[in-house]
Amino acid sequence: MRVLILGGTTEASGLAHLLADDPRFETTLSMAGRTSKPRTQAVRTRIGGFGGADGLAAWLAQETIEAVIDATHPYADQISSNAVAACERLAIPLATILRPAWRPEPDDQWLTVANAGAAAEALGPQPRRVFLSLGRLELGAFAASPHHHYIARTVDPPEGIALPRDTRLILDRGPFEEPAEMALLMNEKIDVLVSKNSGGAATYAKITAARKLGIPVVMIARPHKSHGHVVDNAEAAGRWLEKRLDHRVIPGSARGV
Ligand code: NAP
């Protein structure tokens, strides 16, 4: 079975790893090409956009793809809506790995906002020491609130993005551990954390560290994400693919095998 994984996440790499040595699957992993040093993957990888839903549909048809797993990040909503449209058009089965969101505990002080601009505004008029744990593309919104001191952690340098003047950059990629996150928040005397609700374990330690230190969190809400059949991890996506094998129709044969 020829499978496309839309990736850029731990789950996508995990699923690629699961399928890599399985002779029943011929797998391609697709990455947007946002990171300058993408991790080495266990399966054939392609990098770069397809050119919208039409481009994706054309690529799926050309590659005779039989199943798609959308394992993109919960905040990557455009590619997911393209995947739904393209798979519907070609009647290709689609499953979406949607990581469960993090949930606040009773004593957590979370303020949920719609986007990075609203997060910058929610920091208020008094200067604060802010930890921005966001993608580089979201950092530009904080230039509108230049009176705070920012520690911004991203995977790649935010080249071409005008940052607030008082910003210290940390370039690092998870997973992160709670003791190190607590040390960072304490050493930098952070007053408030700004985060997306990414879910998953790899970047959760900043949330538990903020909880332990009583630091409030400005949480950017998840966008609405179009989706196919929803599963919540790579193993479940693997089981869904195995079931698809049972319903598969081999061209030229009278019945599915
Ligand atoms: P997006 O807004 O949903 O997608 C924008 C465009 O990027 C898409 O229309 C598509 O271009 C291209 N694209 C996105 N994911 C792709 C993939 N896996 N393979 C090929 N093309 C892809 O996505 P985004 O938020 O910019 O995220 C880009 C990538 O970073 C995704 O792979 C996502 O899983 C990963 N990521 C995102 C976040 C986040 O917070 N957004 C965090 C961690 C990782 P075309 O229309 O030309 O096909």
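Restricting attention to the stretch 224-233, the residues being within 14 Å of the chain's Cα centre (by Cα) and either closer than 19 Å to GLY14 by Cα or surrounded by fewer than 16 Cβ atoms within 10 Å (Cβ to Cβ) (or both) number 3. From the list ASP166, ASP107, the one residue that fits, being acidic (Asp, Glu) and more than 23 Å from ARG222 (Cβ to Cβ), is ASP166. Of all residues in the stretch 185-240, those satisfying the criterion of being acidic (Asp, Glu) and closer than 23 Å to ALA95 by Cα are ASP232, GLU235.
Name the single residue that is farthest from ARG248 (Cα to Cα) among those in the stretch 1-27 being in contact with a helix residue (DSSP H, G or I) (Cβ under 9 Å, 6 or more places away or on another chain) and among the β-branched types (Val, Ile, Thr). Looking at the filtered set, the residue picked out is THR10. Condition check for ALA61 on (1) surrounded by 14 or more Cβ atoms within 10 Å (Cβ to Cβ); (2) at pLDDT 95 or above: one failure, at (1).
Please go through the stretch 183-210 and pick out each residue that is within 16 Å of the chain's Cα centre (by Cα) and either without any contact (Cβ under 8 Å) to a residue 60 or more places away in the chain or buried (at least 16 other Cβ atoms within 10 Å of the Cβ) (or both). Scanning the stretch 183-210 gives SER195, LYS196, ASN197, SER198, GLY199, GLY200, ALA201, THR203, TYR204. Here ARG136 meets each of (1) under 27 Å from ALA236 (Cβ atoms); (2) open to solvent by 30 Å² or more (accessible area, probe 1.4 Å); (3) within 16 Å of the ligand (Cβ to nearest atom) with one exception, condition (1).
Of the residues making up the stretch 115-130, those that are of a type outside the set (A, V, I, L, M) and free of Cβ contacts under 8 Å to residues at least 60 places away in the same chain are GLY117, GLU121, GLY124, PRO125, GLN126, PRO127. One residue stands out in the stretch 51-94 among those that are charged (D, E, K, R) and under 21 Å from the mean Cα position of the chain (by Cα): the one that is nearest to the ligand (Cβ to nearest atom), namely ASP77.
Candidates in the stretch 1-50 are the residues that are basic (Lys, Arg) and either near the ligand (Cβ under 8 Å from one of its atoms) or not in a strand (DSSP E or B) (or both); of these, the one that is farthest from ALA86 (Cα to Cα) is LYS37. Checked against the criterion of being among the hydroxyl-bearing types (Ser, Thr, Tyr) and at pLDDT 95 or above, the stretch 205-213 has at least one qualifying residue. At least 1 residues being farther than 30 Å from GLU66 by Cβ is the threshold, and among the strands (runs of 3 or more DSSP E) wholly inside the stretch 146-257 those reaching it are 149-154, 167-171, 192-196, 217-220.
The values are calculated or read from the model by the stated rules, or taken from the named source; none is laboratory data. Given the structure is predicted, the values throughout are model-derived calculations rather than measurements. FYI the Cβ positions are ideal-geometry reconstructions off the backbone, even for glycines, and counts take in every protein chain you see. The area values use the complete protein model at the heavy-atom level, side chains included, leaving out ligands, DNA and RNA. Shrake-Rupley method; radii C 1.70, N 1.55, O 1.52, S 1.80 Å.
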